[in-house]
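Read the structure below first, then the notes.
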Amino acid sequence: LQKSLNETFGADKYSEARKEVLTNMFSRPMQMALYFCTGVLKNETLFRHYALNVPFYTHFTSPIRRYADLIVHRLLSASLGASSPIKMKKEAIQRQADHCNDRKMASKRVQELSADLFFAVFVRVRA
C-alpha cells in the first residue's frame, strides 16, 4: 500500500502534503491504544498487544512527552524496586488513565478535523 501511495503522490509542491494527509486518513481506522491500571482490570487478556502477539505489554515513551508516560515510568520503576512505591490507590491511577485517554482522544479528534479541513481546502484549490 505504501509503495502504491508513493507512486501516486507526484513530485509537485503539494506531494508531501498529499502524502501526509492520505497516510493520516489511512491510519484512522486503527484501534487506538488505551491506558489502564492493571490492578483494576480483572481480564488479563486485555493486557496483550494484538499486533506484537505478546500476552503482557506496557507502552511508554519519554516522560517529558506525556503525563501518562511519567506515571508509567514511576510505576515501572517502583515495580522493579528501583524507587519507592507509588502512594496512589489503583482506583486513582485508573482515574488518571481515564483522563489521559480522554485527552488523547480529544487531541486525535482535533488532528483528524484539521486534516479534514486541509483536505477540503486542497480539493477546492485543485478543482
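The values are calculated or read from the model by the stated rules, or taken from the named source; none is laboratory data. None of these values were measured; they are calculated from a predicted model. Cβ coordinates were reconstructed from backbone atoms using ideal geometry, including for glycine residues, and neighbour counts include every protein chain displayed. Accessible surface areas use protein heavy atoms only, side chains included; no ligands, DNA or RNA. Shrake-Rupley method; radii C 1.70, N 1.55, O 1.52, S 1.80 Å.
Do the conditions hold for GLU7, that is, is it among the acidic types (Asp, Glu), open to solvent by 50 Å² or more (accessible area, probe 1.4 Å), closer than 30 Å to PHE122 by Cα and under 20 Å from the mean Cα position of the chain (by Cα)? Show your work before the answer.
On the way: among the acidic types (Asp, Glu): yes; open to solvent by 50 Å² or more (accessible area, probe 1.4 Å): yes; closer than 30 Å to PHE122 by Cα: yes; under 20 Å from the mean Cα position of the chain (by Cα): no.
No.
Tally up the residues in region 50-61 that are of a type outside the set (A, V, I, L, M) and farther than 21 Å from SER77 by Cα, please. Residues in region 50-61 being of a type outside the set (A, V, I, L, M) and farther than 21 Å from SER77 by Cα: 2 in total. Candidates in region 95-124 are the residues that are among the aliphatic types (A, V, I, L, M) and surrounded by 14 or more Cβ atoms within 10 Å (Cβ to Cβ); of these, the one that is farthest from MET25 (Cα to Cα) is ALA97. Based on what the data block shows, is ALA127 out of contact with any strand residue (DSSP E or B) (no Cβ under 9 Å at 6 or more places or on another chain) and open to solvent by less than 70 Å² (accessible area, probe 1.4 Å)? No, not satisfied. Among the residues of this structure, LYS13 counts as one that is among the basic types (Lys, Arg) and modelled with pLDDT of 80 or more.
Of the numbered criteria (1) modelled with pLDDT under 85; (2) over 27 Å from LYS3 (Cα atoms), the one PHE26 fails is (2).
Test ASP69 against the criterion of being out of contact with any Phe, Trp or Tyr (no Cβ under 6 Å at 6 or more places or on another chain), charged (D, E, K, R), within 30 Å of ASP116 (Cβ to Cβ) and without any contact (Cβ under 8 Å) to a residue 24 or more places away in the chain, and give yes or no. For ASP69, the condition - out of contact with any Phe, Trp or Tyr (no Cβ under 6 Å at 6 or more places or on another chain), charged (D, E, K, R), within 30 Å of ASP116 (Cβ to Cβ) and without any contact (Cβ under 8 Å) to a residue 24 or more places away in the chain - is not met.
Could we say that GLU20 is under 30 Å from ARG126 (Cβ atoms) and open to solvent by 80 Å² or more (accessible area, probe 1.4 Å) here? Quick ask: steps written out before the conclusion?
On the way: under 30 Å from ARG126 (Cβ atoms): yes; open to solvent by 80 Å² or more (accessible area, probe 1.4 Å): yes.
Yes, satisfied.
Taking region 38-71, which residues are farther than 20 Å from SER107 by Cα, under 17 Å from the mean Cα position of the chain (by Cα), of a type in the set (A, V, I, L, M, F, W, C) and surrounded by 10 or more Cβ atoms within 10 Å (Cβ to Cβ)?
Let us first name the residues in region 38-71 that are farther than 20 Å from SER107 by Cα, namely 38-58.
Then keep just the ones that are under 17 Å from the mean Cα position of the chain (by Cα); that gives 46-52, 57-58.
From what's left, of a type in the set (A, V, I, L, M, F, W, C): 46-47, 51-52.
Scanning region 38-71 gives LEU46, PHE47.
Within region 80-94, being in contact (Cβ under 8 Å) with a residue 40 or more places away in the chain and surrounded by 12 or more Cβ atoms within 10 Å (Cβ to Cβ) holds for LYS90, ILE93, GLN94.
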